[in-house]
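First comes the structure, then the notes that go with it.
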Amino acid sequence: DYRQTTPVKIFDKGIKNVTAGAYHTMVLKEDGSLWGMGRNSYGQLGDGSTTTRKTPVKIFDKEIKNVATGRFHTMVLKEDGSLWAMGYNGYGQLGNGRSDYRQTTPVEIFDKGIQNVTAGGHHTMVLKEDGSLWGMGYNSHGQLGDGSTTTRKNPVKVFDKGIKNVAASVYHTMVLKEDGSLWAMGRNSYGQLGDGS
């Protein structure tokens, strides 16, 4: 259907987390399995195809800790601290050193040491267990926070340590430090950074 105006149940029980990209949805079950549905033209579901899925399809059987979705890409954090990526990579947002049009199967970006990940429109921010923050992908508004507007195909370090959490939107990024301070970078055309400008 073109639209669904009332809530419809997708799973009866056993769901731990869910995240949504522009036209795709990723569901993390309590058993650690990861499922995807929706548009898949860039391989953002990670099932090895570019076929749109109208019902959930299993991507990983187990051991998934968290998942983040950008506009057309997906980042998957495993329990072992490794980070995996799939989908659109035209700006290097997967962080594998390439700028491929699509990545239809998950590719490993970090083999260990990742605490959390968040995805913006076409950029990705990665929080390591040592408290350092890394960014990759589209950077036209400085949303990676590396002092440039250069698109990055490989992860670039933004903070050395002391980061507690990070949130990414389409063109901006918000960073929460362990001392409780909040930092912002990227597009500010509507004052979304909150710095008064």
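Only protein atoms count toward the accessible area here, which uses a 1.4 Å probe; on the chain, the carbon and sulfur part of that area reaches 44 percent.
Under 19 Å of direct C-alpha separation, and excluding same-chain neighbours fewer than eight residues apart, LYS128 reaches these aspartates and glutamates: GLU63, GLU79, ASP80, GLU108, ASP111, ASP146, ASP160, GLU178, ASP179. Which pairs, out of LYS54/LYS164; LYS9/LYS112; LYS62/LYS161; LYS16/LYS161; LYS58/LYS153; LYS58/LYS177, put more than 32 Å between their alpha-carbon atoms? Where the Cα-Cα span goes over 32 Å, the pairs concerned are LYS54/LYS164; LYS9/LYS112; LYS58/LYS177. For the stretch 83-195, the gyration tensor built on C-alpha atoms gives an oblate shape. Its axis ratio a/c (a ≥ b ≥ c) is at least 1.5, and a/b is not larger than b/c. In this structure, the amide hydrogen of PHE60, modeled 1.01 Å from its nitrogen in the peptide plane, lies closer than 5 angstrom to those of LEU34, counting only residues at least 5 positions away or on a different chain.
Distances between placed amide hydrogens fall under 5 Å for VAL67 paired with LEU77, all partners being 5 or more residues away or on another chain. Electrostatic tally near ARG152: other residues with Cβ closer than 13 Å to its Cβ, Lys and Arg +1, Asp and Glu -1, net +2. Once you order the gyration tensor axes a ≥ b ≥ c over the Cα atoms, which shape class does the stretch 31-129 get: rounded for a/c under 1.5, otherwise prolate or oblate by comparing a/b with b/c? In terms of gyration-tensor shape, oblate. Taken per residue, the accessible surface of the stretch 3-96 reaches 49 Å², heavy atoms only and a 1.4 Å probe. Reported value for the chain: 134 Å³ per residue, from the convex hull of its C-alpha atoms. Across the chain, the relative contact order, built from alpha-carbon pairs under 8 Å that are at least six residues apart, equals 13 percent.
From the P(r) of the stretch 1-61, could you give the percentage of C-alpha pairs in the tail past 15 Å? Across the stretch 1-61, Cα pairs with separations above 15 Å total 50 percent.
The values are calculated or read from the model by the stated rules, or taken from the named source; none is laboratory data. Worth saying up front: this structure is predicted, and the values here are computed from it rather than measured. A quick note on method: Cβ atoms are made from the backbone with ideal geometry, for glycine too, and the neighbour counts reach across all protein chains shown. For the accessible areas, the whole protein counts, side chains as well, though only heavy atoms, and no ligand, DNA or RNA atoms are used. Shrake-Rupley method; radii C 1.70, N 1.55, O 1.52, S 1.80 Å.
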